[in-house]
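A short write-up of the structure that comes next.
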Amino acid sequence: MPEASYSPVSPVPANEDSNHGRADSLSAEPHEPQAERTNPANESTDESANEKQQVTHTKPTIWKLVSDLFIWEILAMILSSGLLVAIVVLLDKYENKPQPNWRYVSLNSVVSWLSTVSKGCVLFCLSEGIGQLKWVWFTRKSRPLVDLGTFDGASRGIWGCAGLVWTLRAKHFAALGSLAVILALAFDPFIQNLIHYYPKLIIDPSGTANVTSNSLYSSMGPLLNIGNFYLHAEMKANIYNALFNSDESKPWSIPKYTCSSGNCTWDPIAALEMRARCTNITDKLKFEIYNGTNGDRNPNTTTLSQSVYLQALGKNLTADVMLQTIWGTPVAIGAVSPFVYNNSIIPVIQMIAPDGVLGQPVWGTKNDSPKNHTWQAMECSIDPVVRSLRPRVSRGKYHEDILDTWTNGSFAGYEMGSNYDLKPTWGPEKGVEKGKEFTIVKQSLLSIRYFFTNFFSGRTYLDPMTLSFVSDASSAMGVGSQMTTTSNYASGDLMQLMTISNITDCPYSSAEKLRCAMEHTAKAMSKAIRDSSSPSNFTTTAGEAMTSATHIAIHWQWIVLPVLVWLLGLVTLVGTMWKTRRAMIPTWKNETMPIIALCRNSQNENKQSDEGLQTERARLYESEGKMVMCG
């Protein structure tokens, strides 16, 4: 057959009714081909062959069937949903878990790849759906040809989608797909925003964590006399450090520990420690005026009932106010008979001082009377206890959470002549094994008693010559029938501390200051007991060293937009399939061949098959000042 030639195409108005709603189609005026005359018989034979060939050509192929049934789009949506589910499952697996240490990829990159493919599948379906809806748009009535370009642009990007939404005023099904394409722009950022990171402590298998937790204290200092020992140097130094050291970190209260990572935890442990108790006994003060025997010092004496400093009166703690002199404002402290803590195994300490005197002097005058001063008295006791506690180290700082305290103890033999035992009935939940005992041996207990008797004793008064406080460190104090002097220990330094110096974290300026001193002393003794390095009783408890690891937090609210885009894609696909079947039009989607077919068939009643279009040839050329594509 000779090759046919076609003139440039030109738009021809179409009859809306006769062409089933197709309007503004492209038409072409073909030239008559120069065909040779043939024998009618041969012509009949040729026509029969052509008919058979046409039937063969119009038989749908498997690929055409797949396209007509939207198989690729359905598979793309299934793949997209599967990838979204995979992202959710993967993130749920690692939520609040350490960041995975994969060799070649990271969690972010895997999620990024999955989200990219998922979004691509949805966009493929949206593009094909909008392309198919283009043909549906022209089936209902005549439309401007420019709408072809609008729909075609919408199937290729967000700007085209925005133009289509504006053109359709969001009143057509294609606007839904265009909105999904626009929202898909934020698909990847929203997926990436699902993953957040935060530091969290985890167990370090190679780390070390130990803390002292002795249950036996048997340390003592040098021999004082037969059966008596000085206090062990480690405990004595720790007590001094607690009272005279102004370091706010209180190193004298922290037991020995090892934490290789700076962050460690322990299960509950039990340890032998000391506890301080104090009570204000100002109501026990009595005022007694008498004529003294010390020359012009006619004291107006304030005393605790049952105890007076002067031996001649049979009492053993006194505070004096010197009338008609500049003597006065004394502070007295000593180990005496208790008012409150009668069962204490360590000597009870009492203190008398005028309120407000500590830190600044109060002067006596001719008209002074003992009742013109606000006096206070304190009584404090320190006792052995067993504490259940949970140690922890956080950022290099040691902390303890006290769970419980066991106070009931007893002597193994006769009182004060044997070991002191504490037998808590706790279980492992408080760090105590069944039948475990906590003991202070008798020699160590006697050394502690001797230290308290001598160190916590003395008086201060105002020196008339220097107008300063003077510590009377040689004053006699009585404990029972035993008489000692304060020259054996640094009680003079203690009296200066209690009168004119500051104790860490202690706001008091009265006898309440004794409470601070005793609480610090108890903590210092507890540390010394737990840190005692005697081979027979040194005990440490192992814990777990923690190291900081990056953990994953999932903010699930960011999954909303990707799921919305997928749902819009699914609705667009289902709607496109439904509208295509309802309109009974071919599934041309984004193909360009149908437009050329309209050009060819606008003036030709014989419709060409899809296979015929594959053999057609066209070129773009200039005609009458315009660019034209035609055969």
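What the phi angles of segment 102-113 give under the Karplus curve with 6.51, -1.76 and 1.60, with θ = phi - 60°, is a coupling list of 6, 6, 10, 10, 10, 4, 4, 5, 5, 5, 5, 4 Hz, glycine and proline written as x.
Going through the cross-link list 250/513; 236/527; 250/423; 397/423; 93/397, which pairs have a Cα-Cα distance over 23 Å in this structure?
250/423; 397/423; 93/397
Per-residue packing, averaged as other Cβ atoms within 10 Å, sorts the ranges 214-224, 82-92 into the order 214-224, 82-92, beginning with the highest. Peptide packing for 130-136, 244-250, 418-424, 491-497 was compared via the average number of neighbouring C-beta atoms within 10 Å per residue; ordered from the highest value, the list is 130-136, 491-497, 418-424, 244-250. Ordering of 185-193, 443-451 by packing is 443-451, 185-193, highest average first (other Cβ atoms within 10 Å, averaged per residue).
Only the coordinates and a few stated rules stand behind these numbers; no lab work does. Nothing here was measured: the structure is a model prediction, and the numbers come from that model. Because the Cβ atoms are built from the backbone with ideal geometry, glycine has one as well, and the counts that use them run over all protein chains shown.
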